[in-house]
Each structure stands twice: as structure tokens, then as C-alpha cells.
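Working notes for the structure below.
Values quoted throughout were computed directly from the atomic coordinates according to the rules given, and no laboratory measurement underlies them. Please read these numbers as outputs of a predicted model, since none were measured by experiment. Positions of Cβ are generated from backbone atoms using ideal geometry, with glycine treated the same way; all protein chains shown enter the neighbour counts.
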Amino acid sequence: MTTNTEHHHLHPEGHHGHGRDHGHEHPKELTIIVNGRPKHPHSDVLTYIEVVRLAFENAVVNDRTVYTVTFEGGPHHKPEGTLVEGEDIRLKDHMCFHVTATNKS
């Protein structure tokens, strides 16, 4: 039997404590899937352009090329959706991203 003083809170991310774990220098290594390939990002939050560059290493964002980023298997508050320029996303282990490039005519 566990008493209140013995109970430890375990957050879904696996961290003990009561608040968000800001400033954690070495996040647990995550594996995400980008266009069918496993990737190991150095952070647990990625921006739109960082996801695009995981899919297309030499990606250039300009007026001629648009990248569409969709994801699934994300965090409970947003398990799937679309990521657009200027946004970032908190990663979840084994989250899947689909990135496509479209050339404007």
C-alpha cells in the first residue's frame, strides 16, 4: 500500500516532478519517422523547417517550393495534424511525419 508521502508523480514523458522539465540538457533519445526513415533529433521540440530538413537535407524555403508537413502519433493534445511554417511541435517517441515538396507553377 502506498501512502501520500511515498507516492511519486510520473509524467507521461517519463520525468518525475510537478512541472514541465524546461532546460533539460539531455532529453531521452527519441526516434521519429520522417518519410519512412527513422531519425534521432537532438531536441524534443522541432520547428517546421527542422522537420522539413530531416526529410530533405538541402531544403530551401522560397516562393517556388512549398513543403507540406503532416504528422500522426503525436502528443495527446494534438495526436495528428499539419505543421506549417512558423510553428513547432513537441515530439513523442515513434511519431511519424510525412513531408512532401510541391513546386509552384
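In segment 64-105, what residues are exposed (fewer than 14 other Cβ atoms within 10 Å of the Cβ), aliphatic (A, V, I, L, M) and part of a loop (DSSP other than H, G, I, E, B)?
Result: Val84, single match.
In this structure, does Thr47 turn out to be surrounded by fewer than 14 Cβ atoms within 10 Å (Cβ to Cβ), touching a residue at least 12 places away in the same chain (Cβ under 8 Å) and either in contact with a helix residue (DSSP H, G or I) (Cβ under 6 Å, 6 or more places away or on another chain) or not charged (D, E, K, R) (or both)?
no
For residues that are farther than 17 Å from Pro38 by Cβ and either surrounded by fewer than 12 Cβ atoms within 10 Å (Cβ to Cβ) or in contact with a Leu (Cβ under 7 Å, 6 or more places away or on another chain) (or both), tally how many sit in segment 50-63.
4
Would you check if there is a residue in segment 49-63 being assigned to a loop (DSSP other than H, G, I, E, B) and closer than 16 Å to Thr31 by Cα?
no
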